[in-house]
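Here is the structure we will look at.
The values are calculated or read from the model by the stated rules, or taken from the named source; none is laboratory data. Computed from a predicted structure; not experimentally measured. We place every Cβ from the backbone using ideal geometry, glycine too, and count neighbours over all the protein chains shown. Calculation scope for accessible area: heavy atoms of the full protein, side chains included, ligands and nucleic acids excluded. Shrake-Rupley method; radii C 1.70, N 1.55, O 1.52, S 1.80 Å.
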Amino acid sequence: MIEISGHTQLTGLLGSPVAHSISPMMHNEAFRRLGLDFVYLAFDVKKPQLAAALEGLKALGVRGFNLTMPLKSAMAQLADELSPAARLCGAVNTIVNDNGVLKGYTTDGTGYMRAAARAGHPLPGKVMTLLGAGGAATAILVQGALDGMKEIRVFNRKSPTYEKAEALAAQLCAKTSCRVTLHDLNDTDALGESLQTSDILTNATNIGMAPDIDSCPIADETMLPPGLVVSDIIYNPRETKLMRLAKSRGCEAFNGLYMLLYQGAESFRLWTGMDMPVDIIREKMTYREE
C-alpha cells in the first residue's frame, strides 16, 4: 500500500480509454519498492480536453505523466520543449514538468530497443522489416535509426500515414547512417524478398490484437525464413498468430510486454532520476492475469 503524504509527487497517464492500463501497477510498485514518495494515477482525458488538463496539471505542480492514444501527436504540439526523437516522431508519450516547463519525450522506441536486447537480439547494425507506420512504428523506426541500425524497411498500407512516412524516411536517411525505405504492405513479393535478407521482423500494427486474434499481418508462413527473429508489439494475446507461425518455422519470437515495461522504465527514470527495478516489475507483469 502506498502511503500518501503532503509531499507526495503525482505522476500519471492521460488518454482514453485508460482503465485497462497496467502502467499504474508498474509505476506504483516501483515507487513502493524504492521507497519513493510518488503516486501514479490514470486519467481518462479526450483530445478536446487535453489543453485544459495540461493547465490544471501545471498549476498543481504534477511531476510528469505519460500519454497514450489519442493524445500523443497533440501533445507534441503543446509541449514547451521536445527531445530529438520526439521531434522526429511528432509524438510524445512522456512529459516531465520542470518547474512549469513541459518537456516532451518519446520512450516507446527506447523501450522497444531495450526489449529486443533483453530478448537476446541487440539491434544496432542489423536489418529490420517493420510493419506499420503509425505511432508505435514511428517511434521504433526513429529510435532504431538513431541507435545505429543498418537498414529499416517499412511496409505500410497506402493511407494518410504513407506520405508522412515517406517524409520521415527521407529525414532519417539524411540525419542518420541508417538506410530507410518505404514499401506498400500489400506488395507481398517485396515483403517476402525483404524478409529473406532481414535480421528481424517487427509487427507494429494492431493486426492480431484481441479480440481479432485470428488475424495475421503475414499471409503465408513460408515467407518467414528459419533464423529470422520475429517480434510483435502486441501483448494481448501474449502469443499472437504471427508468433505461433514464426515458432512453427523455427524462428525466435517475442511480444510487446517488455517494450511496455522498458518504455515505462525510461519514463520512470526521467521523473525520478532512478532506475526502475525492472526484474521485480517484469515478474509481476508476467504473472498478471489478462
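Please find, within the range 210-235, the residue that is nearest to Phe155 (Cα to Cα) out of those that are under 15 Å from the mean Cα position of the chain (by Cα) and aliphatic (A, V, I, L, M).
Among those that are under 15 Å from the mean Cα position of the chain (by Cα) and aliphatic (A, V, I, L, M), it is Ile233.
Filter the range 187-208 for residues that are of a type outside the set (A, V, I, L, M, F, W, C) and within 15 Å of Ala165 (Cβ to Cβ); which is surrounded by the fewest Cβ atoms within 10 Å (Cβ to Cβ)? Don't jump to the end; show me each part of the working.
As a first pass, look at the range 187-208 and keep what is of a type outside the set (A, V, I, L, M, F, W, C): 187-189, 192-194, 196-199, 202-203, 205-206, 208.
Filter once more, so that each one left must be within 15 Å of Ala165 (Cβ to Cβ): 187, 202, 205.
Working: Asp187: 12, Thr202: 28, Thr205: 24.
Ranking the candidates gives Asp187 first.
Looking at this structure, is Asp279 open to solvent by 10 Å² or more (accessible area, probe 1.4 Å), assigned to a helix (DSSP H, G or I) and free of Cβ contacts under 8 Å to residues at least 60 places away in the same chain?
In short, yes.
When the residues of the range 6-34 are narrowed to those that are open to solvent by 50 Å² or more (accessible area, probe 1.4 Å) and out of contact with any Phe, Trp or Tyr (no Cβ under 6 Å at 6 or more places or on another chain), which ends up farthest from Glu283 (Cα to Cα)? Talk me through it step by step, then tell me what you get.
First, pick out the residues of the range 6-34 that are open to solvent by 50 Å² or more (accessible area, probe 1.4 Å): 6-7, 9, 17, 19-20, 32-34.
Narrowing the set further to residues that are out of contact with any Phe, Trp or Tyr (no Cβ under 6 Å at 6 or more places or on another chain) leaves 6-7, 17, 19-20, 32-34.
Numbers: Gly6: 31, His7: 30, Pro17: 25, Ala19: 22, His20: 19, Arg32: 15, Arg33: 14, Leu34: 16 Å.
Looking at residues that are open to solvent by 50 Å² or more (accessible area, probe 1.4 Å) and out of contact with any Phe, Trp or Tyr (no Cβ under 6 Å at 6 or more places or on another chain), I get Gly6.
If I filter the range 98-111 for residues that are acidic (Asp, Glu), open to solvent by 40 Å² or more (accessible area, probe 1.4 Å) and under 30 Å from Leu60 (Cα atoms), do I get at least one hit?
yes
Return the residues of the range 114-144 that are closer than 30 Å to Arg63 by Cα and buried (at least 23 other Cβ atoms within 10 Å of the Cβ); say none if nothing qualifies.
Result: Ala116, Ala136, Ala137, Thr138, Ala139, Ile140, Leu141, Val142, Gln143, Gly144.
Could you figure out which of (1) part of a loop (DSSP other than H, G, I, E, B); (2) within 16 Å of the chain's Cα centre (by Cα); (3) of a type outside the set (Gly, Ala, Ser) isn't true of Pro124?
(2) is the only condition that Pro124 fails.
Quick check: is even one residue across the range 252-266 of a type outside the set (Val, Ile, Thr), at pLDDT 95 or above, part of a loop (DSSP other than H, G, I, E, B) and more than 30 Å from Leu82 (Cα to Cα)?
Among the residues of the range 252-266, at least one is of a type outside the set (Val, Ile, Thr), at pLDDT 95 or above, part of a loop (DSSP other than H, G, I, E, B) and more than 30 Å from Leu82 (Cα to Cα), which makes the answer yes.
Of the residues in the range 83-119, how many are over 24 Å from Lys164 (Cα atoms) and either in contact (Cβ under 8 Å) with a residue 60 or more places away in the chain or of a type in the set (Asp, Glu) (or both)?
Number of matching residues: 7.
Can you confirm whether the range 238-250 contains a residue that is crowded, with 19+ Cβ neighbours inside 10 Å and not in a helix (DSSP H, G or I)? Don't jump to the end; show me each part of the working.
Initial filter on the range 238-250 (crowded, with 19+ Cβ neighbours inside 10 Å): 240-243, 245-246.
Now narrow it down to the ones that are not in a helix (DSSP H, G or I): 240.
Yes, the range 238-250 contains at least one residue that is crowded, with 19+ Cβ neighbours inside 10 Å and not in a helix (DSSP H, G or I).
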